[in-house]
Amino acid sequence: IEGYSNNDVAAAAQQAGRNAEDEMINFIGLIRQHARARDPEFLIVPQNAPELGKNRPDYLALCDAIGQEDVFFSGGGDTEWGDPASGDVRTPDTGSWSRAFFYGQLAAWQLANKPVFQCSYAIQAANINEAYNLGLAKGYVMFISQTPLDRLPAWREPPAWPSPAVRAAGAVRL
């Protein structure tokens, strides 16, 4: 989905007299229309580009949920499974591509009652627990793995929910 924001794509669309964002939304609409004609229960769950849902209600209405990577931790895009660079890169708390940015973008999805499926890339137990606790406190459906996503990680029981730290912060009412 986020290909619409690629500078080369936007330039090519502009050169053709089109708007890349509008064209992506139209494309998703066509996919939805075609798929729902065959199966009325077909779901549209885009990966990343949460800003479209926040800024474009027409796009948000086409989607049933969103999958978002890297809210809490990311990993290298060209690593091998088990490489220490395959996770544990902390997403900054603030800034243009940060936890605060994601929280703001994804809140629009949640306000529209759209589930948020969040995949963070963490290897160390402390980072896995942090991602689970923060994500669950935000109401996200969590998945923790490492890059590349060429296999499923070993099952790991999520930390006790809610954690004592989350409870103490008052983020969850029991």
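The values are calculated or read from the model by the stated rules, or taken from the named source; none is laboratory data. Computed from a predicted model, the values in this text were never measured in an experiment. Cβ: placed from backbone, ideal geometry, glycine included. Neighbour counts: every protein chain shown. Quick note on the areas: whole protein, heavy atoms, side chains included, nothing else; ligands and nucleic acids left out. Shrake-Rupley method; radii C 1.70, N 1.55, O 1.52, S 1.80 Å.
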Quiz item: Residues of the range 115-134 being in a helix (DSSP H, G or I) and among the aromatic types (Phe, Trp, Tyr), which ones?
Solution: Tyr132
Quiz item: Within the group Phe72, Phe102, which residue is under 21 Å from Leu134 (Cβ atoms) and in contact with a Gly (Cβ under 9 Å, 6 or more places away or on another chain)?
Solution: Phe72
Practice problem: For residues that are within 23 Å of Val45 (Cα to Cα), of a type in the set (S, T, N, Q) and without any contact (Cβ under 8 Å) to a residue 40 or more places away in the chain, tally how many sit in the range 92-115. | Solution: 3
Self-check item: Filter pass, Gln105 being touching a Lys or Arg at 6+ places or on another chain (Cβ under 7 Å) and at negative phi
Solution: yes
Quiz prompt | Only one of Val9, Val45 that is surrounded by 12 or more Cβ atoms within 10 Å (Cβ to Cβ), in contact with a Gly (Cβ under 7 Å, 6 or more places away or on another chain) and part of a helix (DSSP H, G or I) | solution = Val9
Quiz prompt | Contacts under 7 angstrom Cβ, first residue in the range 39-68 being closer than 20 Å to Val141 by Cβ, partner among the acidic types (Asp, Glu), 6 or more apart | solution = Leu43/Asp64; Ile44/Asp64; Val45/Asp64; Asn48/Glu2; Asn48/Glu69; Ala49/Glu2
Practice problem: Go through the range 51-69 and give me each residue that's open to solvent by less than 40 Å² (accessible area, probe 1.4 Å) and assigned to a helix (DSSP H, G or I). | Solution: Glu51, Leu52, Gly53, Tyr59, Leu60, Leu62
Quiz item: Inside the range 75-90, can you point out the residues that are touching a Ser or Thr at 6+ places or on another chain (Cβ under 6 Å) and either of a type in the set (A, V, I, L, M) or closer than 19 Å to Lys138 by Cβ (or both)?
Solution: Ala85, Val89
Quiz item: Of these, Gly139, Gly104, Gly77, Gly87, which one is small (Gly, Ala, Ser) and surrounded by 20 or more Cβ atoms within 10 Å (Cβ to Cβ)?
Solution: Gly87
Quiz item: In the set Gln33, Gln14, which member is open to solvent by 60 Å² or more (accessible area, probe 1.4 Å), modelled with pLDDT of 95 or more and not in a loop (DSSP other than H, G, I, E, B)?
Solution: Gln33
Quiz item: Of all residues in the range 75-98, how many are closer than 20 Å to Leu134 by Cβ and in contact with a helix residue (DSSP H, G or I) (Cβ under 8 Å, 6 or more places away or on another chain)?
Solution: 9
